[in-house]
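Some notes on the structure that comes next.
The values are calculated or read from the model by the stated rules, or taken from the named source; none is laboratory data. It should be emphasised that the depicted structure is a prediction, and the values quoted were computed from it without experimental measurement. In this analysis, Cβ positions are derived from the backbone assuming ideal geometry, glycine residues included, and neighbour counts consider all displayed protein chains. Side chains included, ligands, DNA and RNA excluded: accessible areas come from the protein's heavy atoms. Shrake-Rupley method; radii C 1.70, N 1.55, O 1.52, S 1.80 Å.
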Amino acid sequence: MQLRFLPYTLALKHAFGIASNTRTSTPAMMVEVERDGIIGYGEAAMPPYLGESQATAAAFLEQTAAWLAAVDDPFQREEILPAIDALAPGNTAAKAAVDIALHDWIGKKLGAPWYRIWGLDPQKAPVTSYTIGIDTPEAVRAKTREADIYKIIKVKLGRDAATDRATIAAIRDVTDKPITVDANQGWRDRDEALRLIEWLAGRGVVFIEQPMPKELLDDTAWLRERSPLPLIADESVQRLAEVPKTRGVFDGINIKLMKCTGLREARQMIVLARALGLKVMLGCMTETSCAISAAAQLSPLVDWADLDGAVLIANDCFDGATIVDGRITLPDRPGIGVVKRESRG
Ligand code: MG
């Protein structure tokens, strides 16, 4: 099996602010695997604060390409993907790109979309939230109006309490839709965090994602005991082996292909989370429709989806899963369900 890769820069439609930084683009790497005249597509999206780059991805993918060239049977996902994971530590987005491309190739070779191979009902794909970054109240009001078709708004908080309250007030000037909050580890004091969560609970907020720094599990457990809203782990849980540590600390987990190495492990995390009684959210980075459509294949299994990554970029190079009336709509195409657009950006 041949593997090729090409650096690509995702241009964001709006500057995107979270608790720790603001950015206008996301480095990515597009990946193709090819055999028997069939091409499988994959993608690594690498927000710089997570530590991967086009250079680290290129180095890892060179190594992977050499390994894949000797693979006899590309259908042996359970042999191939753990072996690629073991080539080097980290590199979770680069590994996800390979995992997605291999899934796409296998699905195309079988002539079936992955939701069908897994036996899932595409009608159960959930609504997706639309994410609003940290910004001025005026910009937040404008973005809330733009989010017209979405049934749920996700908002980034966590820089300071005054901005947090002003942001929620700005959304509530425009709409009474449910809101989910992502603090991105921004709340450092548990008493202050509790006061803010109690205030948010009275304003139609559904849950809080990663309220406190990822290593403060004791403080988060304290907060969870008192919080009127469910707490969902994002930065605290990257991969399958970390799911059990959320017991008693969080009510659910946010799974992202770019941090868990792809579809194979994401599905295992969903199974384990369910066995532990956790809620499951499926999230994303800013990504093209390639990685979003891959994640969307799993979406019938989760409680909440936040798969708006492709909507937030101006140079999507794929057509794939779409959002119709706020709901994820899975195409009937094989593999991860994408078609490459004619060369753009
Ligand atoms: Mg998050």
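Quick notes
- Those residues of region 119-154 which are over 22 Å from the mean Cα position of the chain (by Cα), open to solvent by 70 Å² or more (accessible area, probe 1.4 Å) and either of a type outside the set (Lys, Arg) or modelled with pLDDT under 95 (or both), in sequence order: Thr136, Glu138
- Of the listed requirements (1) within 16 Å of the ligand (Cβ to nearest atom); (2) open to solvent by 10 Å² or more (accessible area, probe 1.4 Å); (3) of a type in the set (S, T, N, Q), Ser227 misses just one: (1).
- Residue, surrounded by the fewest Cβ atoms within 10 Å (Cβ to Cβ), within region 101-118, restricted to residues that are part of a loop (DSSP other than H, G, I, E, B) and touching a Pro at 6+ places or on another chain (Cβ under 6 Å): Gly111
- Positions within region 289-313 being in a loop (DSSP other than H, G, I, E, B) and at pLDDT 95 or above, in sequence order: Gln297, Leu298, Val302, Asp303, Asp306, Leu307
- Of all residue pairs spaced 6 or more apart or on separate chains, those with beta-carbon atoms under 9 Å, a first member in region 168-186 that is on the phi > 0 side of the Ramachandran plot and a second member that is part of a strand (DSSP E or B) are Asn184/Lys156; Asn184/Glu209.
- Among the residues of region 39-92, those identified as part of a helix (DSSP H, G or I), over 30 Å from Gly17 (Cα atoms), in contact with a strand residue (DSSP E or B) (Cβ under 9 Å, 6 or more places away or on another chain) and not hydrophobic (A, V, I, L, M, F, W, C) are Glu62, Thr64.
- From the list Arg264, Arg274, the one residue that fits, being without any contact (Cβ under 8 Å) to a residue 12 or more places away in the chain and either away from the ligand (no atom under 15 Å from the Cβ) or open to solvent by 20 Å² or more (accessible area, probe 1.4 Å) (or both), is Arg274.
- Hits in region 285-311 (condition: within 16 Å of the ligand (Cβ to nearest atom) and touching a Lys or Arg at 6+ places or on another chain (Cβ under 6 Å)): Asp303, Asp306
- Any hit, region 277-288, residues being assigned to a helix (DSSP H, G or I) and not hydrophobic (A, V, I, L, M, F, W, C): no
- Which listed residue is more than 25 Å from the chain's Cα centre (by Cα) and open to solvent by less than 20 Å² (accessible area, probe 1.4 Å), from Leu196, Leu157, Leu200: Leu196
- Residues that are within 14 Å of the ligand (Cβ to nearest atom) and not hydrophobic (A, V, I, L, M, F, W, C) within region 231-245 comprise Asp234, Glu235, Ser236, Gln238, listed in sequence order.
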